[in-house]
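Trainee: The structure under discussion is supplied below as structure tokens; questions concerning it will follow.
The values are calculated or read from the model by the stated rules, or taken from the named source; none is laboratory data. For clarity, every value in this text was computed on a predicted model and none was experimentally measured. We place every Cβ from the backbone using ideal geometry, glycine too, and count neighbours over all the protein chains shown.
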Amino acid sequence: MYKYALLFLLLSLAVSSCIKDTDFDQADEIELSPVVELDFLFFTLEIDDFQENPGFEGSLTVVDTTEIRFLDGSFAQENLLSAEYFFKVSNSFPIGVDANFNFLTEENEPFYEIDFLIAPGTNNNATLTEFIQTITAEEIEQLTQTNKVVVTFTLKTLDENLSGVLNLQSKTTYFLRF
Amino acid sequence: MRYVLFCFVMCCTCFVFSQNKQLIYGVEEIPQSLLLNPGGKVPLDQKFHFGIPLFSQLHINAGSSGVTAFDIFGESEININTKIRNSIFAMKNTDFFTVTQQLELINFGWRTTSDFYFSGGIYQELDMITYFPRDLAILAWEGNRDYLNYEFDLGDLNTSGDLLTVFHFGANKQVSDRLTLGARAKIYSSMFNYQSTNNSGSFVTRLGDGSNNIYEHVLQDVDVSVQTSGYGSLRNSDEVSGSSDVIGKFLGRAFLGGNLGVGMDVGATYEINRNWSASASVLDFGAIFHTKDVENYNATGDYTLNGIELFFPPLSEGEATFPYYTNLEDEITEQVPIDTLYNAYTAWRPLKMNAGITYHFGKLLGGNECDCLNRGGDDRQSLGLQLYSIFRPKRPQYAATLFYYRRLTDFLSAKITYTADAFSMDNIGLGVVGDFGKFNVYLAADNLLRYGNLAKANSLSLQLGFNIKFEN
């Protein structure tokens, strides 16, 4: 008789096996929220790089543009929660410098702008300016419409013999969620 | 993305299997035990057998060495994301998830007048293993901000999988009173294969030296490759336009239309004395030669990303500046190119080894002394130890099993096992085999202690089959 009991036991185990005390609906709550830091732009400027430009009367300026193609990609649009730009600028020009980062759409429509003042150098020594721009969840939709940035640095002078060096380093912190 | 993660977690926690069949090994009443040891004992009165087509062996085995479904999806106050994070950090890059499934299509065997027992058949097999890519999981889950100077190891990517059909034919013979030998030749017909097992390199974010930008994002000594066969043509919309085309292609490959390979099994059983016997087998010593429908990808090189350096070139009206972003993309693909190659490759089958030592005892139902070398006894019992190993990409996996076997009646036998392996140290299994006239049926399952809640099991194994046996 015990052999039938054994067979019954095995079949019972197979039939009665179950998964319990689990909640697979929790899968809906799974969120990856990595924080990615990535170098952004860097450059060094001397007085020879600056020139008079229309629209910037009484000033010397430099302007350049680069694409940041992934910004308006579907990944960024769907998963970028917020961002933070960090700029570290060393300036030995004896006057302040206006820094402007204008983020444009494919059609060159401005959607987001970062603007800050860089402190002047003192006695030919460089002064360090650090600036953080936080792009909140409310603003991120604007940033992710853009795919290029126009960088404009302005010296409030027309003195082309001014001596000094400006070095910029920057990074972006992307707060992702998917 | 989270659905991909969900599927990954589910696969990792619910459907992970190995290939150990400790409940069938050495059970001579089951014809399929010859697939585990071609030199196993075949009852002397067994003249002929054939498996019920498609039902002679279904084997499903899954295992996760580091995490269970309950660890992730168990009901608790802890948020699931915290549980996933805890699991990621608790697991090692040597933890693995495996899935093995076998479905026997045909199995047959017969005894010749010269006492050879020939057997053969066809079975389909799926075998996959993925090592936990710990560093890549941390990078995906946490990002790089809090991991400056930490070298994420790209070598953590280590996975392989096979979907194939095996055609086999073997011979078994008791060559002396004590020794039984056997061998089996195999032809493998691969339907699909992938492997990415010898990767190296790292990704690290570290503070720059001040000459360029704030950080340096460094890919160093990257050598990452994925080899596939049977995959490229599935992406060809001219050849495959729906699931019926995919099934048709797979069926064609299943019956010797795919990439072919050869292999063999060998085994032996030695009766040391009246009570003791030892056995051993080596399975799947062979390889598949992937020459058709091969598509491989390989990324190699070193690259340091500093961001984009602007040069502010003097421009005339309407003149475009440098294509910084395009140049950056080109530079990366130049330094770390991803090549698509179509060169043939050889995939070794995962070699398996079994060994066992058994102490036989018991007595006949009538109360007479047992003739333990006469397998016709009705109350044979045995105790023993079995060892199993399978060669995997990073390292072999091992299992040790203690078992107790009992012939309950002349038509019913049972085997109970305790197995310690990479998955758990408390795996209790039970197998029952019955010979109801000519009809042979067996059912075996392990990790019975987890059947109350399978979500807490690190591994599960189930074997089931039906055969017809003819005796003298």
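Trainee: With the structure loaded, tell me whether B:GLY263 is part of a strand (DSSP E or B) and more than 14 Å from every other protein chain (Cβ to nearest Cβ) or whether it fails that test. Break it down stepwise before answering.
Mentor: Details: part of a strand (DSSP E or B): yes; more than 14 Å from every other protein chain (Cβ to nearest Cβ): yes.
The answer is yes for B:GLY263.
Trainee: Restricting attention to the stretch B:309-332, and to residues there that are exposed (fewer than 12 other Cβ atoms within 10 Å of the Cβ) and more than 10 Å from chain A (Cβ to nearest Cβ), which single residue is farthest from A:GLU67 (Cα to Cα)?
Mentor: This residue is B:SER316.
Trainee: Another question about this same structure. Go through (1) among the charged types (D, E, K, R); (2) within 14 Å of another protein chain (Cβ to nearest Cβ); (3) closer than 30 Å to B:SER176 by Cβ for B:GLU142 and report which single condition fails.
Mentor: Looking at each condition in turn, B:GLU142 falls short on (3).
Trainee: Going by the conditions given, is B:ASP302 more than 14 Å from chain A (Cβ to nearest Cβ), surrounded by fewer than 17 Cβ atoms within 10 Å (Cβ to Cβ), in a strand (DSSP E or B) and in contact with a helix residue (DSSP H, G or I) (Cβ under 8 Å, 6 or more places away or on another chain)?
Mentor: Yes: the conditions hold for B:ASP302.
Trainee: Restricting to the stretch B:78-116, name every residue that is hydroxyl-bearing (Ser, Thr, Tyr), more than 24 Å from the chain's Cα centre (by Cα) and buried (at least 20 other Cβ atoms within 10 Å of the Cβ). Even if it seems obvious, please write down each step before you answer.
Mentor: Of all residues in the stretch B:78-116, those hydroxyl-bearing (Ser, Thr, Tyr) come to B:82, B:87, B:94, B:98, B:100, B:112-114.
Now drop any that are not more than 24 Å from the chain's Cα centre (by Cα), which leaves B:82, B:112-114.
Listed by number, the list is empty, since nothing qualifies.
Trainee: Against the condition modelled with pLDDT under 80 and β-branched (Val, Ile, Thr), how does B:VAL4 come out, does it pass?
Mentor: Details: modelled with pLDDT under 80: yes; β-branched (Val, Ile, Thr): yes.
The answer is yes for B:VAL4.
Trainee: If you check every pair at least six apart or on different chains, which have Cβ atoms under 6 Å apart with a residue in the stretch B:418-432 that is away from chain A (no Cβ under 14 Å) and more than 15 Å from B:LEU462 (Cα to Cα) first and a residue that is part of a strand (DSSP E or B) and small (Gly, Ala, Ser) second?
Mentor: B:ALA420/B:ALA400; B:ASP421/B:ALA399; B:PHE423/B:GLY63; B:PHE423/B:SER459
Trainee: Which residue, of B:VAL67, B:VAL27, is closer than 29 Å to B:ALA457 by Cβ and out of contact with any Gly (no Cβ under 8 Å at 6 or more places or on another chain)? Give the derivation first.
Mentor: Values: B:VAL27 fails: out of contact with any Gly (no Cβ under 8 Å at 6 or more places or on another chain).
Being closer than 29 Å to B:ALA457 by Cβ and out of contact with any Gly (no Cβ under 8 Å at 6 or more places or on another chain) holds for just one of B:VAL67, B:VAL27, which is B:VAL67.
Trainee: For A:ARG177, which of the numbered conditions (1) more than 28 Å from B:GLY143 (Cα to Cα); (2) touching a Leu at 6+ places or on another chain (Cβ under 6 Å); (3) at the interface with chain B (Cβ under 10 Å from one of its Cβ atoms) fails to hold?
Mentor: A:ARG177 satisfies every listed condition except (1).
Trainee: Right, something else. Answer yes or no: is there a residue in the stretch A:151-174 that is polar (S, T, N, Q), touching a Ser or Thr at 6+ places or on another chain (Cβ under 8 Å) and free of Cβ contacts under 8 Å to residues at least 60 places away in the same chain.
Mentor: No.
Trainee: Would you tally the residues in the stretch B:388-418 being assigned to a strand (DSSP E or B) and within 30 Å of B:SER196 (Cβ to Cβ)? If you could, list the steps in order and put the result at the bottom.
Mentor: Keep residues of the stretch B:388-418 that are assigned to a strand (DSSP E or B), which gives B:388-390, B:397-407, B:412-418.
Filter again for within 30 Å of B:SER196 (Cβ to Cβ), leaving B:388-390, B:397-399.
The qualifying residues number 6.
Trainee: Restricting to the stretch B:386-407, what's the tally of residues that are over 23 Å from the mean Cα position of the chain (by Cα), at pLDDT 90 or above and either surrounded by fewer than 17 Cβ atoms within 10 Å (Cβ to Cβ) or not aromatic (Phe, Trp, Tyr) (or both)?
Mentor: Looking only at that region, the number is 2.
Trainee: Of the residues that make up the stretch B:43-65, is at least one modelled with pLDDT of 90 or more, outside any strand (DSSP E or B) and touching a strand residue (DSSP E or B) at 6+ places or on another chain (Cβ under 6 Å)?
Mentor: no
Trainee: Determine whether the stretch B:408-416 contains at least one residue that is more than 14 Å from every other protein chain (Cβ to nearest Cβ) and modelled with pLDDT of 85 or more. Can you show your working first?
Mentor: Keep residues of the stretch B:408-416 that are more than 14 Å from every other protein chain (Cβ to nearest Cβ), which gives none.
No, there is no match, as no residue in the stretch B:408-416 is more than 14 Å from every other protein chain (Cβ to nearest Cβ) and modelled with pLDDT of 85 or more.
Trainee: Next question, about the same structure. Mind checking which residues of the stretch B:413-434 are of a type outside the set (A, V, I, L, M) and either under 18 Å from the mean Cα position of the chain (by Cα) or crowded, with 20+ Cβ neighbours inside 10 Å (or both)? Break it down into steps so the answer makes sense when it comes.
Mentor: To start, the set of residues in the stretch B:413-434 that are of a type outside the set (A, V, I, L, M) comprises B:413, B:415, B:417-419, B:421, B:423-424, B:426-427, B:429, B:431, B:434.
Residues satisfying the conditions are B:SER413, B:LYS415, B:THR417, B:THR419, B:ASP421, B:PHE423, B:SER424, B:ASN427, B:GLY429, B:GLY431.
Trainee: Go through B:GLU239, B:GLU271 for me and flag whichever is in contact with a helix residue (DSSP H, G or I) (Cβ under 6 Å, 6 or more places away or on another chain), among the acidic types (Asp, Glu) and at negative phi.
Mentor: Values: B:GLU271 fails: in contact with a helix residue (DSSP H, G or I) (Cβ under 6 Å, 6 or more places away or on another chain).
After ruling out the rest, the residue left standing is B:GLU239.
Trainee: Right, next: Suppose we filter A:PHE70, A:PHE75, A:PHE93, A:PHE40 for residues that are in contact with a Gly (Cβ under 6 Å, 6 or more places away or on another chain) and closer than 19 Å to B:TYR325 by Cβ; which single one remains? First the steps, then the outcome.
Mentor: Values: A:PHE70 fails: in contact with a Gly (Cβ under 6 Å, 6 or more places away or on another chain); A:PHE75 fails: in contact with a Gly (Cβ under 6 Å, 6 or more places away or on another chain); A:PHE93 fails: closer than 19 Å to B:TYR325 by Cβ.
Only one candidate qualifies: A:PHE40.
Trainee: So A:ALA137 fits all but one of (1) farther than 26 Å from B:PRO313 by Cα; (2) modelled with pLDDT of 90 or more; (3) among the aliphatic types (A, V, I, L, M); what number is the exception?
Mentor: Result: A:ALA137 passes all but (2).
Trainee: How about the stretch A:15-61: which of its residues are more than 7 Å from chain B (Cβ to nearest Cβ), part of a helix (DSSP H, G or I) and surrounded by 12 or more Cβ atoms within 10 Å (Cβ to Cβ)?
Mentor: Hit for the stretch A:15-61 is A:ILE47, nothing else.
Table: residues versus (1) more than 11 Å from chain A (Cβ to nearest Cβ); (2) more than 21 Å from the chain's Cα centre (by Cα); (3) touching a residue at least 40 places away in the same chain (Cβ under 8 Å).
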{"position": "B:ASN440", "(1), (2), (3)": "yes, yes, yes"}
{"position": "B:TYR451", "(1), (2), (3)": "no, yes, no"}
{"position": "B:LEU460", "(1), (2), (3)": "no, no, yes"}
{"position": "B:ASN467", "(1), (2), (3)": "yes, yes, yes"}
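Trainee: Could you pull out every one of the strands (runs of 3 or more DSSP E) wholly within the stretch A:73-167 that has 1 or more residues that are under 21 Å from the mean Cα position of the chain (by Cα) and away from chain B (no Cβ under 14 Å)?
Mentor: Working: elements: A:80-91, A:97-104, A:110-118, A:127-135, A:148-155.
Output list reads A:97-104, A:110-118, A:127-135.
Trainee: Sticking with this one: From (1) within 14 Å of another protein chain (Cβ to nearest Cβ); (2) without any contact (Cβ under 8 Å) to a residue 40 or more places away in the chain, pick out the condition that doesn't hold for B:SER33.
Mentor: If we test B:SER33 against (1) within 14 Å of another protein chain (Cβ to nearest Cβ); (2) without any contact (Cβ under 8 Å) to a residue 40 or more places away in the chain, just (1) comes out false.
Trainee: Can you tell me which condition B:GLY248 does not meet? The list is (1) more than 15 Å from B:PHE192 (Cβ to Cβ); (2) away from every other protein chain (no Cβ under 14 Å), and all the others hold.
Mentor: (1)
Trainee: Mind checking which residues of the stretch A:62-72 are more than 8 Å from chain B (Cβ to nearest Cβ) and of a type in the set (D, E, K, R)?
Mentor: Taking the stretch A:62-72 as the starting set, the residues that turn out to be more than 8 Å from chain B (Cβ to nearest Cβ) are A:70-72.
A:ASP72, the sole residue that qualifies.
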